[in-house]
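The values are calculated or read from the model by the stated rules, or taken from the named source; none is laboratory data. Keep in mind it's a predicted model, so treat the numbers as computed, not measured. Neighbour counts run over all protein chains shown; Cβ positions are idealised from the backbone, glycine included. The accessibility values were calculated without ligands, DNA or RNA, using every heavy atom of the protein model including side chains. Shrake-Rupley method; radii C 1.70, N 1.55, O 1.52, S 1.80 Å.
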Amino acid sequence: MSRESIMSKRIAILTSGGDCAGLNAVMRAAVLRADSLGWEILGIENGTAGLLDDPPRYRILKPSDFDGSVMRRGGTILGTTNSRNPFSYPMPDGSKKDRSDELIATLKSLEVESLIGIGGDGSFDILNRLTKQGDIKFIGVPKTIDNDVSLTDMSVGFDTAVAVATEALDRLQPTAASHDRIMMLEVMGRDAGHIALHAGIAGGADVILIPEIPYKIENIAKKIESVKKGGRNFSLVIVSEAVKTPDGKKHQVVYHGGETRYGGIADYLCVKLAEHTSYEARATVLGHVQRGVDPGHTDRLLASAMGVKAVELIAEGKFGRMVAWQNRNIVDVAIEDAVKDCFTVNPKGMLVHTARSLGISFGD
């Protein structure tokens, strides 16, 4: 590749979907690596929605924008969106409109050759369709606290979210013991129970409830009573927000405008367990506390390695790829393969076996 072609490259980068720890570290690594090649990176603000504003919202990202503090910060300095699909964009009158051609035209007007998208499987599906439609080169960097993106052992943001949930269990234990209570911790996990499983083992939970394993209230109650008979006056339960009621119904909350989201399963279970045991039960819902936190060292390292790899894939002319962490190494996989299936907890996998071997119940 000639020096002239290297100098002419212009890359766009954006964050899409829910925020998490480590996003700024990915951007920092990509900008620093691109700068070393003489390339320019445009940061698109507010995800794909920023490209549909008039004028479009973007800024040129420079190494000087990433001082010693930005990598340490949670969230994303560019902003993000998880509700404005350009193929079905919500309009003021309540209708939906396909604005994908507008978005592609904006990218081309900005003379962008390649796009790095930091997102989850839903974002990748949308961005891959967009870039194919517009003949724009695309690289994906996986981020999600749920860790449900396939073909990568870990996504940016997951490790920090687990650390927050584990610390919450650590802090709930003393008050549980002080009041002879069941303490129920509800954590995020839209389709997969990875956070609950990892934090439950690390935080010494007595019961872990995840969407991949059906449960019965009676079985949870038996576990809690057995803990009491063993001489301990409290129990810790961790539950993923996507866990259904025993009869298979989703526990959701309806928000203004009719939008439904997961919520309330911990409160539901507290009432049921109080009816089936001699304990009082209290619920704690972590919610967005798992997202808006400074990244831990593992997420900073993973984000840095993935950001560098994303730029180097562009330099190698490899597109339609997602950066992935496999077997303690950074690799790349086809986007189509990564979004084909959701990576959920294997009920017969090593960590579930580990939890059962420690005496942890899944209520089944």
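Highest mean packing comes first when the peptides 130-143, 29-42 are listed by Cβ atoms within 10 Å, giving 130-143, 29-42. Relative to one another, the C-alpha centroids of segment 313-364 and segment 177-250 are positioned 24 Å apart. Other residues whose C-beta falls under 9 angstrom from the C-beta of Pro295 contribute a net charge of 0, scoring Lys and Arg +1 and Asp and Glu -1.
The charge dipole of the chain, taken about the Cα centre with unit charges on the Cβ atoms of Lys, Arg (+1) and Asp, Glu (-1), comes to about 460 debye, rounded to the nearest 20. Using C-alpha pairs under 8 Å with a sequence gap of at least 6, the mean separation divided by the residue count of the chain gives a relative contact order of 22 percent. Accessible surface for segment 251-314, divided over its residues, is 50 Å² per residue with a 1.4 Å probe.
Return the lysines within reach of Lys96: Cα separation strictly under 30 angstrom, same-chain partners fewer than 8 residues apart disregarded; answer none if there are no such residues. Within the straight-line limit of under 30 Å, Lys96 reaches these lysines: Lys108, Lys132, Lys137, Lys143, Lys249, Lys250, Lys340. For the chain, the longest principal axis of the Cα atoms and the long axis of helix 121-134 meet at an angle of about 20 degrees. Note on Arg28: accessible area approximately 60 square angstrom, rounded to 10, probe 1.4 Å, nucleic acids and ligands left out.
Using a 10 Å cut-off on Cβ atoms, rank the peptides 164-177, 339-352 from the highest mean neighbour count down.
Ranking the peptides 164-177, 339-352 by packing returns 164-177, 339-352.
Count Lys and Arg as plus one, Asp and Glu as minus one, and take only other residues whose Cβ is under 14 Å from that of Asp67; the net charge is then +3.
For the listed peptides 277-284, 190-197, 320-327, a ranking on the average number of other beta carbons within 10 Å per residue, highest first, reads 190-197, 320-327, 277-284.
Spatially, segment 126-164 and segment 25-39 are offset by 18 Å when compared through their Cα centroids. Projected label points at Ser69 and Glu111, each 7 Å from Cα along the beta carbon direction, are separated by 3.4 nanometres. As a length-normalised measure over Cα pairs under 8 Å and 6 or more apart, the relative contact order of segment 152-203 settles at 46 percent. Against the main long axis of the alpha-carbon atoms of the chain, helix 265-276 sits at an angle near 10°.
With a cut-off of 15 Å between beta carbons, the residues surrounding Thr76 carry a summed charge of +3, where Lys and Arg count +1 and Asp and Glu -1.
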